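K.L.:
Structure provided below as structure tokens; questions to follow.
The values are calculated or read from the model by the stated rules, or taken from the named source; none is laboratory data. Just so it is clear, the model here is predicted, and its values are computed rather than measured. Cβ sites come from the backbone with ideal geometry, for glycine too, and all protein chains shown count toward neighbours. Heavy atoms of the whole protein, side chains included, go into the accessibility calculation; ligands, DNA and RNA do not. Shrake-Rupley method; radii C 1.70, N 1.55, O 1.52, S 1.80 Å.
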Amino acid sequence: MTRIAIVERTDMNAEQARVYDAAKQSTGIVGGPYQAYIRLPKVFEACQNLRASLASGPLSRREQQIVNLIVARYWNARYPWFAQVRNSLAIGIEQSIIDAINARKAPHLPDPREQTCFVVAGEMLANKGLNEATYAAAEKTMGLESLVALVAAVGSFSMTCLTAATFAIDPPSANPVPLAE
């Protein structure tokens, strides 16, 4: 059960309502961890802006989704996992890739950039950084700009997942893809 009360739009102060309405109009994303962020409208807005900046960056949608799945799985964040599975399926990521990540196994990723996203995100979370060999291989495969975006995506989505996990923000009761035990 969610640990944090949902602030209804009618109960928001002017600043909360402003950022909520702006997010609703631009991305439509106002649920999940944003239920916590609405209490700090500047944080809510900053998260929206960072999310938009990363989405328009050098990583493909598939690369971003692979990172998001790995991060949500790592943090056992139920709402983000639900949302990212839905988003991943919508852009054509195969169920076998999702299932492998859910089972904490390496998926079959023939695209070198997607494989690099999987390796880098996993190593960053497990080891709090990258060893020299992984870093060199990632920079060679991704290029420095994409590697910076990849590191930022892991950090940014970790904040989202930690927020959802800490406040026990659960997916809708009809969650089609629970986290594996």
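K.L.:
Take residue 104 and decide whether it is among the basic types (Lys, Arg), outside any helix (DSSP H, G or I) and open to solvent by 20 Å² or more (accessible area, probe 1.4 Å).
P.N.:
Numbers: among the basic types (Lys, Arg): yes; outside any helix (DSSP H, G or I): yes; open to solvent by 20 Å² or more (accessible area, probe 1.4 Å): yes.
Spelling it out, residue 104 is indeed among the basic types (Lys, Arg), outside any helix (DSSP H, G or I) and open to solvent by 20 Å² or more (accessible area, probe 1.4 Å).
K.L.:
Still on this structure, please answer the following. Filter the range 17-40 for residues that are open to solvent by less than 20 Å² (accessible area, probe 1.4 Å) and either assigned to a helix (DSSP H, G or I) or among the charged types (D, E, K, R) (or both); which is farthest from residue 161 (Cα to Cα)?
P.N.:
17
K.L.:
Moving on. Residue check, residue 114 against (1) charged (D, E, K, R); (2) closer than 28 Å to residue 173 by Cβ; (3) touching a residue at least 24 places away in the same chain (Cβ under 8 Å); (4) surrounded by 13 or more Cβ atoms within 10 Å (Cβ to Cβ), all met but one. Which one?
P.N.:
Result: residue 114 passes all but (2).
K.L.:
Confirm whether residue 63 is within 15 Å of the chain's Cα centre (by Cα), among the acidic types (Asp, Glu) and either surrounded by 13 or more Cβ atoms within 10 Å (Cβ to Cβ) or more than 18 Å from residue 117 (Cβ to Cβ) (or both).
P.N.:
Taking the combined requirement at face value, the residue satisfies it.
K.L.:
Another question, then. Pairs only if they're at least six apart or on different chains, beta carbon under 8 angstrom, first in the range 132-144 and free of Cβ contacts under 8 Å to residues at least 40 places away in the same chain, second assigned to a helix (DSSP H, G or I) and acidic (Asp, Glu); list them, first residue then second.
P.N.:
Going by the 8 Å Cβ cut-off, the qualifying pairs are 134/123.
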